[in-house]
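A.B. asks: Got a structure for you, written out below as structure tokens; questions coming shortly.
The values are calculated or read from the model by the stated rules, or taken from the named source; none is laboratory data. As the structure is a prediction and not an experimental result, all values here were calculated from the model. Cβ coordinates were reconstructed from backbone atoms using ideal geometry, including for glycine residues, and neighbour counts include every protein chain displayed. All accessible areas refer to the heavy atoms of the entire protein, side chains included, with ligands and DNA or RNA removed. Shrake-Rupley method; radii C 1.70, N 1.55, O 1.52, S 1.80 Å.
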Amino acid sequence: MSEHDELLRESVSRLEQALAGERTRREEAEATLAGLRCIAEAPDLAATDAAVLAGLRPLLRYQTAAVLVRADDDPDAFVAVVADHPALAALRWRGGSLLRRALAGQTVALYDVRRSPELAALGESPDLRSALVVPLLTEARQALLLAAPAEPAFFSPRHVALAAGFSRTAAQVLGNLAAREHAHHRRAAEDRAAALARTNEVLQAQLATIGAQQLAIQRLAAPILQVDREVLVVPLIGDLDADALARVTEALLAAITERRARAVILDLTGVEAPDDALPARLRALVRATELVGARCLVTGLRPAVAAALADAGAPLGAKTLRTLADGLAAARR
């Protein structure tokens, strides 16, 4: 073989190696991009844990893995939120130099998990031997990918470099996703608050309307009419319960004082079904009227009301007349 043929053969070999290396790097880049796409296309932040597990598998070629986060009941411990092996799902990783290195952002490969005090429990499973710890750290959350193949020394320095590069880029993607989700939740909360404020405004308006209607009903139930310069007439209608009569008393006393009335006619024509407490309430109303300086007359007593007043025994304290016209005539005298 000539020297020229040897040089040509060496050149072809180097070219083949370069092409093989280029193919490998392209495959690694495509696998990294696919893994990042799995995370970026996750529907929400909670789904990224499973996306990380699926996305890194083609790149690092592990058989089993888990994503670990801080335990709710123990902030010093990390537990699996997603795992595809029972031993990884049951793992409770607490403290140690390996965990501190991972939380500092370092990707770490273990030749044999049985030689690690922190992960020795995984070595009890015959199909878990080596391990790779990949930090997935953001401002809002600390998570770790723990891959555990069945072969010792499974992960090479190239695996570590690829995982470290993925970790740095994935942290940015996860951080952006967390920020977007936080902004979405904030906007949703603001929308709910705005909707609640609008609902409260509607309710306040409805309450104001109801209050105005109630006031109008109360005025219709016991209007205070001035029929002469010093005479007021109060037609009482419907059921005179304690609250209704208290409102009538308050309004009547204010009207007597404001209009300087000398006489008040309580017309009971509209009261048909008195209760046992009606006589006492009427006596209180008559007494209050007289205390502010007005004479009280009662007209329009129906038989049932008259019987209730008679059964009560105590005098009403006001003169009673048959009709409102009789009451007006008496008040003017």
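A.B. asks: What tally of residues in segment 232-268 results from selecting those that are open to solvent by 50 Å² or more (accessible area, probe 1.4 Å), within 22 Å of Arg322 (Cα to Cα) and acidic (Asp, Glu)?
C.D. replies: Number satisfying all stated conditions: 1.
A.B. asks: Between a first residue in segment 269-292 that is under 16 Å from Lys319 (Cβ atoms) and open to solvent by less than 50 Å² (accessible area, probe 1.4 Å) and a second residue that is not hydrophobic (A, V, I, L, M, F, W, C) and not in a loop (DSSP other than H, G, I, E, B), which pairs have beta carbons less than 6 Å apart while being 6 or more apart in sequence or on different chains?
C.D. replies: Close Cβ pairs (under 6 Å, with a partner that is not hydrophobic (A, V, I, L, M, F, W, C) and not in a loop (DSSP other than H, G, I, E, B)) amount to Leu285/Thr249.
A.B. asks: Please go through segment 207-226 and pick out each residue that is closer than 17 Å to Leu266 by Cα, surrounded by fewer than 16 Cβ atoms within 10 Å (Cβ to Cβ) and at pLDDT below 85.
C.D. replies: Those that are closer than 17 Å to Leu266 by Cα, surrounded by fewer than 16 Cβ atoms within 10 Å (Cβ to Cβ) and at pLDDT below 85: Gln218, Arg219, Leu220, Pro223.
A.B. asks: Can you spot a residue in segment 308-324 that is within 13 Å of Leu232 (Cα to Cα), touching a Ser or Thr at 6+ places or on another chain (Cβ under 6 Å) and either at pLDDT below 90 or assigned to a helix (DSSP H, G or I) (or both)?
C.D. replies: Yes, segment 308-324 has at least one match.
A.B. asks: Sticking with this one: Within segment 274-305, can you find the residues that are in contact with an Asp or Glu (Cβ under 7 Å, 6 or more places away or on another chain) and among the aliphatic types (A, V, I, L, M)?
C.D. replies: Ala304
A.B. asks: Being loosely packed, with under 15 Cβ neighbours inside 10 Å and not in a loop (DSSP other than H, G, I, E, B) narrows it down to one of Arg114, Arg101, so name that one.
C.D. replies: Sole residue among the options that is loosely packed, with under 15 Cβ neighbours inside 10 Å and not in a loop (DSSP other than H, G, I, E, B): Arg101.
A.B. asks: Do we find that Leu301 is in contact with a Leu (Cβ under 9 Å, 6 or more places away or on another chain), open to solvent by less than 70 Å² (accessible area, probe 1.4 Å) and assigned to a loop (DSSP other than H, G, I, E, B) in this structure?
C.D. replies: Spelling it out, Leu301 is indeed in contact with a Leu (Cβ under 9 Å, 6 or more places away or on another chain), open to solvent by less than 70 Å² (accessible area, probe 1.4 Å) and assigned to a loop (DSSP other than H, G, I, E, B).
A.B. asks: Considering segment 146-176 alone, what residues qualify as being of a type outside the set (D, E, K, R) and outside any helix (DSSP H, G or I)?
C.D. replies: If the condition is that a residue be of a type outside the set (D, E, K, R) and outside any helix (DSSP H, G or I), then Leu146, Ala147, Ala148, Pro149, Ala150, Pro152, Ala153, Phe154, Phe155, Ser156 are the ones that fit.
A.B. asks: Here is a follow-up. So Arg295 clears everything in (1) surrounded by 17 or more Cβ atoms within 10 Å (Cβ to Cβ); (2) under 18 Å from Ala244 (Cβ atoms) except one condition, right? Which one?
C.D. replies: Here Arg295 meets the rest and fails (2).
A.B. asks: Report, by residue number, each residue of segment 315-333 that is small (Gly, Ala, Ser) and open to solvent by 40 Å² or more (accessible area, probe 1.4 Å).
C.D. replies: Correct list: Gly317, Ala325, Ala329.
A.B. asks: Could I ask something else about it? In this structure, is Leu236 modelled with pLDDT of 85 or more and assigned to a strand (DSSP E or B)?
C.D. replies: No: the conditions fail for Leu236.
A.B. asks: Look through segment 54-93, keep the residues that are farther than 17 Å from His159 by Cα and touching a Ser or Thr at 6+ places or on another chain (Cβ under 7 Å), and return whichever of them is most open to solvent (accessible area, probe 1.4 Å).
C.D. replies: Of everything passing the filter in segment 54-93, Asp84 is most open to solvent (accessible area, probe 1.4 Å).
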